[in-house]
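The values are calculated or read from the model by the stated rules, or taken from the named source; none is laboratory data. The shown structure was predicted, so the numbers you read here are calculated from the model rather than taken from an experiment. Cβ: placed from backbone, ideal geometry, glycine included. Neighbour counts: every protein chain shown.
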Amino acid sequence: MGEPPIELDVTAVADRADFEPVPARFWWLKRISAAVGVLIVALAVLRGVWGYLAQRRLDAQIEEYRAAGQFVTPEQFDAELDAVQDADNAAVLLEQAIQKIVACTDAGVCYEDFLYEKANLNDDRSAAAELLALNKEVLDLGRQSRSRPQVAWSVRLSNPAPGTLLSQQRQLAKLLGFAAAYHFESGDHAGAVTTLQDFLAFNAVVGAHPTLISSLVAWACEDMSLLLVTEYGACLTISDTGEAFATGAIPSRRSQVKELLGDLLVAHPMMEKTVRVFYAERTYSLRELEKMRYAIWLSAPIPARWSPINLWDDGIAFLMRPAFSLDTARSITYDTIAAEAVGEANWPAAAAHFPEPQDGSLLLRKLSHPLTATWFGTGFDTNRRAVEIYFRLMAQRRMAAIALAIRLYEVDHGHRPAQLAALVPNYLPNVPVDPFTPDGRPFGYRPLAERPLLYSVGVDGVDNGGQASGWKDERPDWQDADILFYLEPEPEPGADAVDRDASTPEAGDDDEHVEDGERE
């Protein structure tokens, strides 16, 4: 007979103090797997809701722009540019001119040598004349372009704007600046004024291309042309007929100067072009967002699409797309706000559209603005600075026009007016206001200063009496300084100081003078 089975006293064993029940195999792995699964589902739901809300916000903005009749794709801008006929297109002639520029003579003398050092124009007049002759066709084409009413550069928004064209445009601007300076120094003031008109027309054509970089280049070129008005406007010779003097000098005609003055006061085209630029910048943001959708995976060769690096990059792009969509929505909002700010009458009203720039680490900016944050701030900061530059240029244009009106008055009366109001209505239709003041005040005017000038209160709105008091790192700090426009050229080194009493009108003149430095 077999032995009876052994019976275990389970209860007795379980009651032992050192007893530990054996758990089910891998119970901890099952629980972790379940938790991970729940987390993945929750994250997927969260990603779906996040993506839906982000895309819904972006789509609502796009629909709002469409309803207002505004372009939302680069192709819409391109179609408008393609519709411009070559016979009406000023840019066609300017692009031909750009290709024909001769920068230097065979002897290695370049026109840039004369542009920044006017003394060289007198020291080497023959080389300057040779350069002008070599570029006669270029300048003639630029002048002919003024008669064409439309603009469409060969660059289209659907393709990145090549830096080559922008640098070539700068070269043509420098050539125009050299030509104007040459005419002034040679005594041909009529030719100088005409060249300045060509220069301003060229700047407008450059700024007509609907990209922010094109506008910035146009504004830089215009700043160059306004510096020439500052340098030479006060000593411009003017006559009603423009007949040559016995010395051979050719004065500018009064009608020429008034036409140039009028060109400077026309601000609406510049405003409309700048608004259009910010609308075009919106389309760039939308295009860049669309390109990010599986861009790496689709652009890679088929075998490489499944590489771990590409899969990882596309996975991150997919997960982060809602953040990109939200940042794009912010970016196009920034562009819209900038366009609205440009339409304001003055900088204080425009600045009210923007919050004050926020300081913070680049890491925090990148987390909150993954597409638009840079070392220099967010897209909001960039647009604010661009609008500020726009108003600064507007102030400079108005002061240049006033300076020409003052010169016309001086030619007629033998002295400058005591107040800007004396220029109305014979020289100006009205006194232009300083765009950096909220209450429509005119520009500051100091006719009796050591170096007479006009000035704007500048970005900070503080009237410093025409003192460029703000400096940082040996450069003017435009955030804390008046914007100056001198009515006399800078004196040559070693020249005697100007005797201001000699230019003061005698008693009995038709104007009643005010204390120097008074703001009207």
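Observations on the structure shown:
- Selection from the range 398-437 of residues that are more than 17 Å from residue 260 (Cα to Cα) and touching a helix residue (DSSP H, G or I) at 6+ places or on another chain (Cβ under 6 Å): 416, 417, 435, 436
- Residue check, residue 360 closer than 29 Å to residue 461 by Cα, at pLDDT 65 or above and surrounded by fewer than 20 Cβ atoms within 10 Å (Cβ to Cβ): no
- Residue list for the range 442-459, filter: surrounded by 16 or more Cβ atoms within 10 Å (Cβ to Cβ) and of a type in the set (D, E, K, R): 446, 451
- Which numbered condition residue 100 misses (of (1) without any contact (Cβ under 8 Å) to a residue 12 or more places away in the chain; (2) of a type outside the set (A, V, I, L, M, F, W, C); (3) within 19 Å of residue 164 (Cα to Cα)): (1)
- Test result for residue 218, touching a strand residue (DSSP E or B) at 6+ places or on another chain (Cβ under 9 Å), buried (at least 20 other Cβ atoms within 10 Å of the Cβ) and among the aliphatic types (A, V, I, L, M): no
- Residues that are modelled with pLDDT of 80 or more and either farther than 24 Å from residue 211 by Cβ or in a helix (DSSP H, G or I) (or both) do not occur anywhere in the range 311-318.
- Where helices (runs of 4 or more DSSP H) sit wholly within the range 181-281, those with at least 1 residues that are more than 25 Å from residue 427 (Cβ to Cβ) and at pLDDT 90 or above occupy 189-207, 212-232.
- Some residue of the range 345-356 being surrounded by fewer than 18 Cβ atoms within 10 Å (Cβ to Cβ), outside any loop (DSSP other than H, G, I, E, B), at pLDDT 85 or above and touching a Ser or Thr at 6+ places or on another chain (Cβ under 9 Å): yes
- Residue within the range 153-163 that is surrounded by fewer than 17 Cβ atoms within 10 Å (Cβ to Cβ) and in a helix (DSSP H, G or I) present: yes
- Given (1) farther than 15 Å from residue 91 by Cα; (2) crowded, with 23+ Cβ neighbours inside 10 Å; (3) over 21 Å from the mean Cα position of the chain (by Cα), number of the condition residue 177 does not satisfy: (3)
- If you go through the range 434-489 and keep only what is in a strand (DSSP E or B) and at pLDDT 85 or above, you end up with 442, 444, 445, 446, 453, 454, 455, 456, 483, 484, 485, 486.
- Residue match in the range 379-400 (condition: buried (at least 22 other Cβ atoms within 10 Å of the Cβ) and not in a helix (DSSP H, G or I)): no
- Between 54, 87, the distinction of being part of a helix (DSSP H, G or I), more than 26 Å from the chain's Cα centre (by Cα), among the aliphatic types (A, V, I, L, M) and at pLDDT 95 or above belongs to 87 only.
- Within the range 96-131, considering residues that are in contact with a Leu (Cβ under 8 Å, 6 or more places away or on another chain) and part of a helix (DSSP H, G or I), the one farthest from residue 176 (Cα to Cα): 96
- Qualifying positions in the range 199-216 - over 23 Å from residue 147 (Cβ atoms) and among the aliphatic types (A, V, I, L, M): 212, 213, 216
- Test: residue 173 is in contact (Cβ under 8 Å) with a residue 12 or more places away in the chain, part of a helix (DSSP H, G or I) and touching a Cys at 6+ places or on another chain (Cβ under 6 Å): yes
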